Amino acid sequence: MRDTYIIGVGMTKFGRAGDWTLIDVLEYAAARALEDAGLGENVESVFVANMGAGILNRLSGLGSAMVDRLCLFPAAAETVENGPASGGSAVKIGAMAVGSGAVDTALVVGGEVMRAVTGWEATDFVATLTHPEAEYIYGVTLPALAGMFARLYMDKYGVTPEHLAMVAIKNHENAMKNPDAHIQQTVTMEGLLHRPEAVVNNPYVAEPLRMFDCCPVSDGAAAVVLCSREVAERSGKPLVRIAGFGQATDTHAVHEREDPTELAAVRTAAERAFAMAGRKPADVDVAELHDAFTILEIAQSEEAGFFERGTGHIALEKGETRPGGRLPINVSGGLKARGHPVGATGVAQVVEIARHLRGEAGERQIEKPRVGFTCNFGGFGNNVVCFVLEREG
Amino acid sequence: MTAFTASVCRSCGAVAYPPRRRCRACGKTGSDPVPLEGKATLVTFTRVYNLSLAFEERYITVGIVEFQSGARALGRLAVDEPEIGMELSCYVAPVRTVGYETYEGLWFERPGSPAA
């Protein structure tokens, strides 16, 4: 397979779309990425990542709608749905399309407008990805699955509520330097856990997880333009290459997993991405992990191979995952504070890493990174897509 | 009150819930149903507060249990102070109403409790 490069990136601010429809946010992000790429001609293929348009927005056929809105005729177009990993899947399929030689250019845009419905409807919508008979009918939500995972994980490795809060504090602080982040507000350990009013301001959502352990419900879109090496060289843009991708699956019902504290699909997807890139976890300078719940940033940092199992929370405590630390994680603010418009997230992670590799991450720029990593976590870990991205030259 | 059904692989004897036609352990097709019943042990649990409108409770408690057969399942806990590793018995009762449809599901209670 030949190499695929990222020559254009763009995104909306995450948060509330207000009067904007799903097609509007997708168009905005896609137009920014196309403008950034500066291609002289139309892209050959379009992949739109989205999870819930059919349920939330009563829309289908987003691939065709996007081509029409941006006048990209007669580009090929598809919609890609893989739950909260739709974005990662669409970037992977785009990379396969360019890598195979079938096309030289592809636009990948992911987006979601979730705030078109009430909060509980949004939670219920995401819960439709759980096992229909063995999970969903019981009222199980993603926070519930994360709560059961967190209880075992915390017991086994000595992770405390304070460690979970440290993830939230770090990622909220990071988001202060990201103008595209949904939440721009710092939080403190005192406020989250220790002041008397913490029980009101930070109530339990699914024990032991509290509100500030969970990502917000967000609207927004993110896009990348992918191309062959020849097109990338012609563009004069910094060369950012998709060095490796990896995807893996696990059982639909979480209870079927032998060790319920393991995220086997994260481990396998990361191993596959590193193997394809010819890289190892220690080579990574900056990473975006899928912290839909604070516990997941800690667990994924271990499963991806950055820290020994059971030591992710210690690395966090030592500041190793802060900007300037050994491996900055979620410099964008992560899902926790940048926000989580489900179909957009996997693309937004790639946008963030590409910006760091290009040296275009503004105030939050990590110093001269060469290798970046992303982990987009679908279901409760039943479908995971990882990328290794590299700067050339 | 009908018991829920797990499956046993005809080739290797692996138990699965929800029932599977194709075995996850050996990959062979063909299984027989077995009732999901008897004593179970609590693996993990959570109290969920952020519920859909189908629920009137302030919170519900859900957990994952392991039956003596090795099958695991998720269900509602009718236990005030659950503890990991506690023994539970299983019964079937309504868990959710969507529109006019009421769904039955697995409930878990301390052995000897009236509902079980």
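Taken together, the values in this text are just the output of simple stated rules run on the coordinates, not laboratory data. All values derive from a computational prediction rather than experimental measurement. A quick note on method: Cβ atoms are made from the backbone with ideal geometry, for glycine too, and the neighbour counts reach across all protein chains shown.
Quick look at the numbers
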read-out	value
In the stretch A:359-393, the GluC sites (Glu not before Pro) that fall in loop regions by DSSP, at most 13 other Cβ within 10 Å	A:Glu360, A:Glu367
Derived scalar couplings ³J(HN,Hα) [the stretch A:227-241; Karplus, 6.51 cos²θ - 1.76 cosθ + 1.60; whole Hz; x for Gly, Pro]	7, 6, 4, 4, 5, 5, 5, 5, 6, x, 7, x, 7, 10, 10
Cα-based helix-to-principal-axis angle, A:161-175 vs chain A, degrees rounded to 10	30 degrees
Unit charges on C-beta of K, R, D, E only; dipole of the protein assembly as shown, Debye	740 debye
Sequence ranges B:76-82, B:5-11, B:105-111, A:111-117, ranked by mean other-Cβ count within 10 angstrom, highest first	A:111-117, B:105-111, B:5-11, B:76-82
Residue-averaged beta-carbon neighbours from other chains (10 angstrom radius) around A:201-208	4
Protection-proxy order for peptides A:51-63, A:164-176, A:219-231, A:194-206, each taking the mean of Cβ atoms within 10 Å per residue, highest first	A:219-231, A:164-176, A:51-63, A:194-206
Cysteines (scope the protein assembly as shown) whose Cβ has no counterpart Cys Cβ under 4.7 Å	A:Cys71, A:Cys214, A:Cys215, A:Cys227, A:Cys375, A:Cys386, B:Cys90
At most 14 other Cβ within 10 Å, DSSP loop - GluC sites (Glu not before Pro), the stretch A:1-100	A:Glu41
Contour minus Cα-Cα distance for A:Asp19 and A:Arg234 (0.36 nm per residue)	73.6 nm
B:Ala54 paired with B:Asp80, simple spin-label distance in nm, labels 7 Å along Cα-to-beta-carbon	2.9 nm
Nearby lysines by direct alpha-carbon distance to A:Lys92 (threshold 28 angstrom, same-chain neighbours under 8 apart not counted)	A:Lys13, A:Lys237, A:Lys280, A:Lys336, A:Lys368
Separation in nanometres of the label points that stand 7 Å from Cα toward Cβ, at A:Met211 and A:Ser60	3.8 nm
Spin-label model distance (nm) - A:Glu258 vs A:Ile314, 7 Å beyond Cα toward Cβ	2.6 nm
10 Å Cβ neighbours from other chains, averaged over peptide B:50-57	5
On Cα atoms only, tilt of A:264-277 relative to the major axis of chain A in degrees	40 degrees
Calculated FRET value between A:Ala31 and A:Ala76, using beta carbons and R₀ = 22 Å, to 0.05	0.70
Calculated FRET value between A:Arg370 and A:Ser100, using beta carbons and R₀ = 22 Å, to 0.05	0.25
FRET E, pair A:Lys156, A:Val200, Förster distance 51 Å, beta-carbon r, rounded to 0.05	0.95
Between 0 and 90°, nearest 10: helix A:342-358 axis offset from chain A longest Cα axis	70 degrees
Assigned charges on the beta-carbon of Lys, Arg, Asp, Glu; the stretch A:24-158 dipole about Cα centre (debye)	380 debye
Inter-chain Cβ neighbour average for residues B:65-74, partner chain, 10 Å	3
